[in-house]
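Asks: Okay, handing you the structure first.
The values are calculated or read from the model by the stated rules, or taken from the named source; none is laboratory data. Fair warning: this is a prediction, and the values are worked out from it, not measured in the lab. Positions of Cβ are backbone-derived with ideal geometry, glycine not excepted, and every protein chain shown enters the neighbour counts. We work out accessible area using only protein heavy atoms, side chains counted, and drop any ligands, DNA or RNA first. Shrake-Rupley method; radii C 1.70, N 1.55, O 1.52, S 1.80 Å.
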Amino acid sequence: MSEDANVTQHVSLYEGALGEIGGILDRSSAGRVFLVLDESAYAASGAAQVLAPHFRDRSVEVFSDFELNPKLHDVERGIVQCRAVKPDVVIGLGGGTAIDLAKMIGTLAEQKDSAREIVTGQASIEQTRPPLIAVPTTSGTGSEATHFAVVYVDGQKISLAHRLLLPDFGLVDAKLTHSAPPHITATTGLDAFCQAVESLWAVGATEESIEYASQSLALSVRHLETAVLQPTAQARLGMCQSAHLAGKAINISKTTAPHALSYAITSEYGVAHGAAVALNL
C-alpha cells in the first residue's frame with residue numbers, strides 16, 4: 001500500500017449503520033456540519049429521517065447543487081461555501097460524485113493554494129482537514145474506501161490522490177441502497193465488478209489487494225443479478241460488501257485500462273460510469 005493510503009479508517013457495514021452517526025458527531029464535538037449530498041438519494045434512501053434527530057441541535061450547511069461526475073467548478077463553489085461555514089465535520093452522502101466532492105471540498109478548503117493548482121499538480125496538500133464521514137447510497141464506487149477522488153478539469157479527467165482523501169469514517173448502510181432503481185443498481189454494481197477484475201490483474205496488485213478483489217468478485221457474481229432483477233436484503237447487503245471490498249482493493253492496486261478509457265465515453269456521450277467501464281472490460 002502506498003504511503004498516501006496508509007491511514008486509519010473506521011468502517012461500519014450493515015443494515016442500520018447510519019444510526020452510528022450520532023455518536024461520531026458527539027465524539028467529534030461537531031456543532032457545525034458541512035453536508036455534501038445527492039438530494040434525490042437523500043430523500044429516497046431514508047437517510048433524511050435517520051439523520052434529522054442528529055442534526056436538530058446542530059448547524060448544517062448543505063451543498064447539493066452539482067453536476068454528475070465531479071467538475072472543478074463545483075469543487076471550487078463548494079470550497080467557498082465550506083470556508084464560510086468552518087465546519088467541525090464534513091459528510092458526503094450519495095453516490096461516488098457526492099462522496100468524491102465531499103473528500104475534495106473538505107480537504108482543499110483547508111489549503112492555501114487553489115483547487116486548480118492542487119488537482120493539476122502545481123501545488124500540494126499541506127494542511128489537515130476536519131473529520132470526514134462517507135455515507136454511500138449506492139453499491140458501486142467504493143469511494144468511502146479510497147484515498148483518491150476523480151474530478152474533471154476542462155473536460156479532462158484527473159484523479160487526485162492523497163491520504164487525507166480517505167474518509168475517517170465509512171458508514172455503509174445497506175438499507176440506504178434498497179430504493180435504488182434497477183438501472184442504478186446495475187451500473188454501480190458493474191463498476192464494483194470491473195474494479196475487482198482490474199485490481200486482480202493490475203501491476204500494483206499485492207496479496208492484500210488480491211484477497212479483497214477476489215472476495216468482491218465472488219460477491220458480485222453471487223448477488224448482482226438478484227439485486228437488479230429481484231432485489232432482496234441479502235443481495236443488497238452482498239453488493240454493498242462487494243463494492244466496499246473493491247474500493248479497498250483499488251485503493252492499493254489502482255484501476256487499469258477499462259477505467260481509464262471509460263472517462264472519455266462518460267464525458268463525451270453521457271454513458272453512466274459503470275456501464276462505460278463494463279463496455280471496455
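Asks: For residues that are open to solvent by 50 Å² or more (accessible area, probe 1.4 Å) and in a helix (DSSP H, G or I), scanning just region 1-25, find the one that is modelled with the highest pLDDT.
Replies: Glu20
Asks: Restricting attention to region 172-207, report how many residues are over 16 Å from Val221 (Cβ atoms), acidic (Asp, Glu) and assigned to a helix (DSSP H, G or I).
Replies: The qualifying residues number 1.
Asks: Test Ala30 against the stated conditions and say whether it is open to solvent by less than 30 Å² (accessible area, probe 1.4 Å) and among the aliphatic types (A, V, I, L, M). So that I can check it myself, show each step before the final result.
Replies: Numbers: open to solvent by less than 30 Å² (accessible area, probe 1.4 Å): yes; among the aliphatic types (A, V, I, L, M): yes.
Yes, satisfied.
Asks: Can you work out which of the residues in region 258-278 that are in a helix (DSSP H, G or I), touching a helix residue (DSSP H, G or I) at 6+ places or on another chain (Cβ under 7 Å) and hydrophobic (A, V, I, L, M, F, W, C) is surrounded by the fewest Cβ atoms within 10 Å (Cβ to Cβ)?
Replies: The extreme case among them is Leu261.
Asks: For the structure I just gave you, tell me whether Leu229 is out of contact with any Ser or Thr (no Cβ under 8 Å at 6 or more places or on another chain), hydrophobic (A, V, I, L, M, F, W, C) and surrounded by fewer than 20 Cβ atoms within 10 Å (Cβ to Cβ).
Replies: When the stated conditions are applied, Leu229 passes them.
Asks: Has region 163-171 got at least one residue that is part of a helix (DSSP H, G or I), open to solvent by 10 Å² or more (accessible area, probe 1.4 Å) and more than 30 Å from Gln230 (Cβ to Cβ)? Can you show your working first?
Replies: Restricting attention to region 163-171, the residues satisfying the condition of being part of a helix (DSSP H, G or I) are 163-165.
Filter once more, so that each one left must be open to solvent by 10 Å² or more (accessible area, probe 1.4 Å): 163-164.
Still in the running and more than 30 Å from Gln230 (Cβ to Cβ): 163-164.
Yes, that holds for at least one residue.
Asks: Could you say which residue among Ala47, Ala109, Ala123 is open to solvent by less than 30 Å² (accessible area, probe 1.4 Å) and in contact with a Cys (Cβ under 6 Å, 6 or more places away or on another chain)?
Replies: Result of the check over Ala47, Ala109, Ala123: Ala109.
Asks: Moving to a separate point now. Being hydrophobic (A, V, I, L, M, F, W, C) and within 18 Å of the chain's Cα centre (by Cα) narrows it down to one of Ile105, Ile24, so name that one.
Replies: Values: Ile24 fails: within 18 Å of the chain's Cα centre (by Cα).
Ile105 is the lone residue from the list that is hydrophobic (A, V, I, L, M, F, W, C) and within 18 Å of the chain's Cα centre (by Cα).
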